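Inspection log for the structure reproduced underneath, given as structure tokens.
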Amino acid sequence: MSTLVFLEHHGSSIQKGSLGVLSKAAAIDPDTSAVLVGSGVAGLAEQAGKYGAKTVFVADGEAVAAPLPQPRVDIVSRLVQEKGFGNVLFAASVLASDVAGGVSARLDAGLNWDLNDLAMDGGALVGKRSALGDTISADVGWTTEPRLALIRAGSFEPKENGGSASVESIGTDLEDFSSKAVMVEQLQEQASGPSIEEADILVTGGRGLGSPEGFQLMEELASAIGGAVASTRAVVDSGWYPYATQIGQTGKVVSPKLYIGCGVSGAIQHKVGMQTSQVIVSINKDPNAPIFDFSDLGVVGDLQAIVPQLTALVKERRGS
Amino acid sequence: MKIAVCVKEVPDPGPNRRIDPGTLKMDRSGDRSLNAYDLNAIEEALRLKEAAGDGEVVLVSLGQAKALDSIRKGLAMGADRAVLVSDEAAAGSDLVATSHVLAEALKAESPDVVLFGQQATDGDGAVMWAAVAERLKMPVVSQISELEVSGGTITAKRQTEFGYDRIQAPLPAVLAVADSLNEPRYPSLKGIMGAKKKPQDVKSLSDVGVDASRAGEAGSRTTVVSLSPPQGRGDSRKIEDDGSAAQQILDFLVERKLV
Ligand SMILES: Cc1cc2nc3c(=O)[nH]c(=O)nc-3n(C[C@H](O)[C@H](O)[C@H](O)COP(=O)(O)OP(=O)(O)OC[C@H]3O[C@@H](n4cnc5c(N)ncnc54)[C@H](O)[C@@H]3O)c2cc1C
Ligand SMILES: Nc1ncnc2c1ncn2[C@@H]1O[C@H](COP(=O)(O)O)[C@@H](O)[C@H]1O
């Protein structure tokens with residue numbers, strides 16, 4: 001058995017999630033290699049050796065500079081076919097998910113996603129995942145090789161358990177259709193405003209607020225209780241609140257003492273950013289909202305009525 | 001412009017949603033509806049057609065025959081017709097098998113745009129479009145929160161872990177939309193009445209040219225080995241607001257020494 005780990009990088013470093021998956025892979029399969037695709041990435045290969053990669057395959061070129069999935073599908077698929085890797089592992093991200101989905105179709109290879117652990121069972125890879133909004137957990141497997149897996153963000157911490165990797169350069173030839181999508185612009189979001197990562201209490205507003213003005217309710221409650229305001233991707237993408245306040249897979253991971261969700265459905269990609277909160281309180285008018293499955297106190301009701309009352313009660317209690 | 005929208009019927013959220021411990025498959029016997037995230041894709045398709053001034057919106061799905069009941073909601077919103085691939089031999093299809101069936105059904109339609117929702121609430125994979133685009137050999141852009149189409153080119157904005165990308169691609173293309181892209185319209189009464197009369201083709205695997213060995217369990221490459229209940233969150237409480245919810249939240253916070 002041999003394993004290939006897809007390494008995602010941003011700027012001049014490899015993503016922590018990728019290094020975590022690489023460390024785990026090397027711990028369960030000594031024959032683990034990695035692949036890096038991008039422009040000017042050869043220098044990062046050495047870093048990967050420290051986390052357990054025996055060989056790092058590097059596809060370096062202008063044609064693959066932009067972080068777009070389809071060129072990576074070409075390169076990873078070809079590498080897997082040539083070297084016959086048994087397992088191909090990805091740390092989940094917007095980019096890696098699209099790469100994994102493409103490789104799955106190209107190679108007709110099974111893909112298990114949202115795994116939070118990996119193990120070897122008598123020489124066979126077994127994935128662990130939770131399903132249905134984490135209401136059940138499952139052991140999943142593959143019926144053929146290569147076995148593809150997307151690992152949930154934050155599942156494995158990077159560990160320096162390796163040495164130095166040998167670096168092997170590979171080609172960047174692309175299929176015609178793979179280079180049709182082009183990156184026009186990459187906008188870095190400025191993180192302005194208070195950091196939600198440091199706050200002990202987070203009052204989180206979701207699309208259930210109904211409008212950007214709804215965030216005033218969040219700000220009033222946050223100021224009464226002594227917390228900061230956080231948000232979901234749905235409201236950030238709608239331009240209701242700044243990206244710097246977004247919790248979740250593509251936002252921040254937070255563990256406040258108290259998380260209060262108002263009009264937040266609790267989609268899995270939001271949950272992965274806040275599930276380690278010590279106490280979770282949620283207000284949602286839909287009794288079947290997934291967030292109730294992981295709330296310490298769930299309130300079925302209209303936030304427009306409840307939040308102003310709660311703000312007033314908290315103010316009274318704190319004498320402010 | 002011809003737009004195909006891939007839509008899926010899913011089990012309603014709530015206590016009845018479960019995996020059958022005997023078969024290790026999703027229990028599809030309870031209440032079901034159209035995947036909520038697919039409504040954003042249907043809405044966007046209708047807007048693209050309206051902006052182009054002409055065209056057709058076709059809903060494409062793989063599912064049980066009774067899934068038509070859910071899919072009709074998309075017709076009521078304004079889609080022109082539906083194609084449902086339904087076949088005993090397709091039961092239990094995973095990503096490899098489903099993407100193959102959908103791609104074959106889509107090839108027969110030759111759409112200019114293939115739209116997907118952001119995720120299916122039963123599997124939360126958010127990977128289907130990438131596999132289908134690969135099989136159709138079309139460019140793909142996912143997680144789209146802003147979309148412009150002009151002169152045979154799409155420009156899309158999307159959120160990543162690092163900020164926002166702006167990506168361009170020529171048509172035909174596969175596009176997956178984020179739930180923030182638009183607000184799905186409610187079907188009108190007229191739309192609901194009219195939906196029943198719109199063309200709804202139920203096709204077998206052989207109708208779309210798929211060999212049974214490439215669908216269902218035979219065509220799948222992943223398995224569920226075993227199930228176990230996850231660790232709960234301990235003594236969680238759920239209350240219904242009767243006017244005293246704010247007070248009950250405060251009491252809870254005081255009890256936990258959080259206020
Ligand atoms: C690859 C990927 C990455 C993602 N990354 C992230 C991420 O980083 N962070 C993130 O948050 N999401 C992320 N998402 C999106 C995620 O799947 C959800 O779409 C998003 O979290 C939904 O946000 P929401 O809860 O605000 O909105 P919705 O899901 O629309 O929920 C709104 C809720 O408000 C309730 N409501 C409405 N009105 C009221 C009222 N008056 N009173 C009380 N309740 C009310 C409704 O019942 C509903 O449950 C990602 C998705 C994908 C596919
Ligand atoms: N069986 C199916 N039939 C049609 N479309 C599907 C099916 N499964 C998934 N999709 C589409 O793929 C999107 C993402 O699904 P998933 O990758 O399963 O989370 C959904 O929003 C649908 O647009």
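For this structure, a couple of remarks:
- The radius of gyration of the Cα set in segment B:125-180, together with its Dmax, comes out at 11.0, 32 angstrom.
- Drop in accessible area of at least 50 Å² in the complex versus isolated chain, residues of segment A:88-107, 1.4 Å probe: A:94, A:98, A:105
- Computed over the alpha carbons of the protein assembly as shown, Rg followed by Dmax gives 23.6, 72 Å.
- Per atom type, segment A:201-318 shows carbon and sulfur on 47% of its accessible surface, probed at 1.4 Å.
- Using heavy atoms of the protein chains and a probe of 1.4 Å, the accessible area assigned to residue A:270 is about 10 Å².
- For segment A:201-318, the solvent-accessible area with a 1.4 angstrom probe is 33 square angstrom per residue.
- Spread of Cα-to-Cα distances over 10 Å intervals beginning at zero, given as percent, for chain A: 6, 24, 28, 22, 14, 5, 1
- Accessible area in square angstrom per residue, segment B:162-217, 1.4 angstrom probe: 52 Å²
- Residue A:120 accessible area, assembled protein chains, probe 1.4 Å, Å²: 70 Å²
- Aspartates and glutamates with Cα under 12 Å of residue A:50, excluding same-chain neighbours fewer than 8 positions away: A:160
- Counting protein heavy atoms only, segment A:3-179 has 45 percent of its accessible area on carbon and sulfur, 1.4 angstrom probe.
- Bridging of residue A:83 to aspartates and glutamates at a Cα separation below 15 Å is possible for A:31, A:74, A:145, A:168, once same-chain residues fewer than 8 apart are set aside.
- Segment A:3-179: radius of gyration and largest Cα-Cα distance (Dmax), Å: 15.0, 44
- Relative contact order of chain B, defined on C-alpha pairs under 8 angstrom at six or more residues apart (%): 24 percent
- Here the contact order of chain A, divided by its residue count and restricted to Cα pairs under 8 Å and six or more residues apart, works out to 15 percent.
- Label point at residue A:12 placed 7 Å out along Cα→Cβ; residues across segment A:23-48 whose backbone nitrogen lies under 16 Å: A:39-48
- Estimated from helices alone, the mean residue ellipticity of chain B at 222 nm is -8000 deg cm²/dmol (sum of -39500 (n - 2.57) over DSSP H runs with n ≥ 4, per residue).
- Principal-axis tilt of helix B:245-255 within chain B, Cα atoms, nearest 10 degrees: 60 degrees
- Computed over chain B with a Gaussian network model linking Cα atoms closer than 10 Å, the most mobile of B:183, B:146, B:240 is B:240.
- Accessible surface buried upon B-A contact (total; probe 1.4 Å; Å², nearest 100): 7400 Å²
- GNM top mover of B:154, B:249, B:192 - chain B, alpha-carbon springs below 10 Å: B:249
- 26 Å Cα-Cα threshold exceeded, pairs from A:257/B:157; A:16/A:271; A:252/A:315; A:16/A:285; A:180/B:73; B:25/B:190: A:257/B:157; A:252/A:315; A:16/A:285; A:180/B:73; B:25/B:190
- Stokes-Einstein D in µm²/s, Kirkwood radius over Cα pairs - segment B:2-219 at 10 °C with 1.306 mPa s viscosity: 91 µm²/s
- Nearby aspartates and glutamates by direct alpha-carbon distance to residue B:49 (threshold 17 angstrom, same-chain neighbours under 8 apart not counted): B:38, B:80, B:109, B:112, B:146, B:148, B:183
- For residue A:175, net neighbour charge (Lys/Arg +1, Asp/Glu -1) across residues whose Cβ lies under 12 Å away: +1
The values are calculated or read from the model by the stated rules, or taken from the named source; none is laboratory data. Owing to the predicted nature of the structure, the values given are computational and were not obtained by experimental measurement. When we count neighbours, we look across all protein chains shown, and the Cβ atoms used for this are built from the backbone with ideal geometry, even at glycine. The area values use the complete protein model at the heavy-atom level, side chains included, leaving out ligands, DNA and RNA. Shrake-Rupley method; radii C 1.70, N 1.55, O 1.52, S 1.80 Å.
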